Amino acid sequence: SAFRLGESGQARYYAALGLIHGGYLLTHLPVSYLFTYVLASYAVGWAIKERNLRIALRIAGGIALGLLVSAVYWLPAAIESKFAYEWASELMPYHTTYLTLLESKSTFGLIVNLSFVLIVASLASSIWVLRAERGSIASTGAGPRDQTANQIQLWTFLGVLAAFMSTSFSIYVSKLIPRIQVATPAWRWLCIAGLFASLLVSAAVERLTASLTFSSRKRLVYSAAITVTLALSLWTTVRYVIIEAVRSSPALALATEYMDFGFTPRNATPPDRLPQTPLVMIRPESGVIEVSVWDRQHREIFVRVDQPSELRLKTYHFPGWVARIDGESVQISSDVDGAQVISIPPGMHKV
């Protein structure tokens, strides 16, 4: 869609790129966040090679539509991220997750390493074929100028760049990307590298089947390189993903008490360390409480106290919760654990 939009500027390709990129941002924010930069780089690089600013402006318009389509998700997430503790950022700081080819003791680590090796092999073998074919045409003087040459050069640059970004050598580049922590771990770049590797392999296969400039011996060597790379990729998928999952995955055991550590208020007590308390407490401990409704996002409590008190609800306090006492809005505060606390005046009230 980005290529068609840059090429023609038709309205349907604006719509297509906006819909697809917006859907991508809604589906998997970490990789789609990285891909937004890659897509912008593609637009700028293509515009420079063609000396046509309209290419970059058209694709930028499609990206802008995608951001608008998905703003219902990413905009609140960006604004409210300062309120939340998110475990992945602490467990896997981005700059400690660069890919390493050191021996891994887990199957998952092995798959990541193999993915990197096979993607690099795919990039290398396809670039080898494409450069050889280009050199053969130049030496014979045969054939018109290849209209896809600029696209192939862009794919090559972006594929190599994405693979490079998954390694520690890219740390000084990564630090220039705002909020790069959103995309942790760093080897997520392999998703993007894999896309461009696929495009280049397809281009190489097309050249091998269509070009008349290769000798039979060279065609056999280049075809073997591409075939071996694809066969190893397929074998890795079957051996370490499909068979491993079928053979080693135990039956799903549902926890009797499920606890999610994913998102809690910043500086609040983690859920596994919270004190064991009733759903609702009064401080000081006097008065009467009756919980009428306790739904996920709505609670109703009847309270009677003889002195100014504090009502503590066993619920983390995030912006968005609204408290009302007898229909009048009141402020919610947090205690040391991050739980909701509401000040209650003397008397009988509905909270």
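The values are calculated or read from the model by the stated rules, or taken from the named source; none is laboratory data. Being a predicted model, the structure only gives us computed values, none of them experimental. So basically every Cβ, Gly included, is an ideal-geometry build from the backbone, and we count neighbours across all protein chains shown. Ligands, DNA and RNA are stripped out before the accessible areas are found, and what is left, the full protein with its side chains, is counted by its heavy atoms. Shrake-Rupley method; radii C 1.70, N 1.55, O 1.52, S 1.80 Å.
Results for (1) in contact with a Ser or Thr (Cβ under 6 Å, 6 or more places away or on another chain); (2) in a strand (DSSP E or B); (3) open to solvent by 40 Å² or more (accessible area, probe 1.4 Å); (4) over 18 Å from Leu311 (Cα atoms), shown as yes or no for each residue.
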residue: Leu254; (1), (2), (3), (4): no, no, yes, yes
residue: Pro275; (1), (2), (3), (4): no, no, yes, no
residue: Pro278; (1), (2), (3), (4): no, no, yes, no
residue: Ser286; (1), (2), (3), (4): no, no, yes, no
residue: Ile289; (1), (2), (3), (4): no, yes, yes, no
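Please go through the range 73-121 and pick out each residue that is part of a helix (DSSP H, G or I) and small (Gly, Ala, Ser). Matches in the range 73-121: Ala77, Ala78, Ser81, Ala88, Ser89, Gly109, Ser115, Ala121.
Condition (residue is of a type in the set (Val, Ile, Thr), in contact (Cβ under 8 Å) with a residue 24 or more places away in the chain and open to solvent by less than 40 Å² (accessible area, probe 1.4 Å)) applied to the range 34-50: is it met by at least one residue? Scanning the range 34-50, I find at least one residue that is of a type in the set (Val, Ile, Thr), in contact (Cβ under 8 Å) with a residue 24 or more places away in the chain and open to solvent by less than 40 Å² (accessible area, probe 1.4 Å), so the answer is yes. Do we have Ala268 as free of Cβ contacts under 8 Å to residues at least 60 places away in the same chain and either open to solvent by less than 90 Å² (accessible area, probe 1.4 Å) or under 25 Å from Ala84 (Cα atoms) (or both) here? Considered against the rule, which asks whether it is free of Cβ contacts under 8 Å to residues at least 60 places away in the same chain and either open to solvent by less than 90 Å² (accessible area, probe 1.4 Å) or under 25 Å from Ala84 (Cα atoms) (or both), Ala268 comes out as no. Restricting attention to the range 296-326, the residues that are part of a loop (DSSP other than H, G, I, E, B), out of contact with any Gly (no Cβ under 8 Å at 6 or more places or on another chain) and either free of Cβ contacts under 8 Å to residues at least 12 places away in the same chain or within 23 Å of Glu80 (Cβ to Cβ) (or both) add up to 6.
Here Gln147 meets the list (1) outside any loop (DSSP other than H, G, I, E, B); (2) farther than 21 Å from Pro30 by Cβ; (3) at pLDDT below 90; (4) open to solvent by 70 Å² or more (accessible area, probe 1.4 Å) almost entirely, failing just condition (1). Return yes when Arg54 is of a type in the set (D, E, K, R) and either part of a loop (DSSP other than H, G, I, E, B) or touching a Gly at 6+ places or on another chain (Cβ under 8 Å) (or both) and no when it is not. So Arg54 passes the test.
Of everything in the range 219-272, what is among the polar types (S, T, N, Q) and in contact with a strand residue (DSSP E or B) (Cβ under 6 Å, 6 or more places away or on another chain)? Give them in sequence order. First the steps, then the outcome.
Initially, the range 219-272 is screened for residues among the polar types (S, T, N, Q), giving 223, 227, 229, 233, 236-237, 248-249, 256, 264, 267, 269.
The answer is Thr264, and nothing else.
Would you confirm whether or not the range 221-231 contains a residue that is in contact with a Gly (Cβ under 7 Å, 6 or more places away or on another chain) and either open to solvent by 70 Å² or more (accessible area, probe 1.4 Å) or farther than 30 Å from Leu75 by Cβ (or both)? Can you show your working first?
Going residue by residue through the range 221-231, those that are in contact with a Gly (Cβ under 7 Å, 6 or more places away or on another chain) are none.
Among the residues of the range 221-231, not one is in contact with a Gly (Cβ under 7 Å, 6 or more places away or on another chain) and either open to solvent by 70 Å² or more (accessible area, probe 1.4 Å) or farther than 30 Å from Leu75 by Cβ (or both), which makes the answer no.
Kindly indicate whether Ile20 is closer than 11 Å to Ala2 by Cβ, under 18 Å from the mean Cα position of the chain (by Cα) and β-branched (Val, Ile, Thr).
When the stated conditions are applied, Ile20 passes them.
Residue count for the range 200-233, restricted to those that are more than 23 Å from Asn150 (Cβ to Cβ) and of a type outside the set (A, V, I, L, M): 9. If you go through the range 56-112 and keep only what is within 27 Å of Ser1 (Cα to Cα) and open to solvent by 90 Å² or more (accessible area, probe 1.4 Å), you end up with Leu57, Leu68, Val72, Tyr73.
Among the residues making up the range 155-170, those that are open to solvent by 10 Å² or more (accessible area, probe 1.4 Å) and either within 27 Å of Leu75 (Cα to Cα) or polar (S, T, N, Q) (or both) are Thr156, Thr167, Ser168. Residue count for the range 256-265, restricted to those that are of a type in the set (Val, Ile, Thr) and exposed (fewer than 13 other Cβ atoms within 10 Å of the Cβ): 1.
Being small (Gly, Ala, Ser) and over 32 Å from the mean Cα position of the chain (by Cα) is the filter; apply it to the range 314-328 and report the residue that is modelled with the lowest pLDDT. Break it down stepwise before answering.
First pass over the range 314-328, keeping only residues small (Gly, Ala, Ser): 320, 323, 327.
Within this subset, residues satisfying the condition of being over 32 Å from the mean Cα position of the chain (by Cα) are 323, 327.
Numbers: Ala323: 97, Gly327: 94.
Per the stated criteria, the residue is Gly327.
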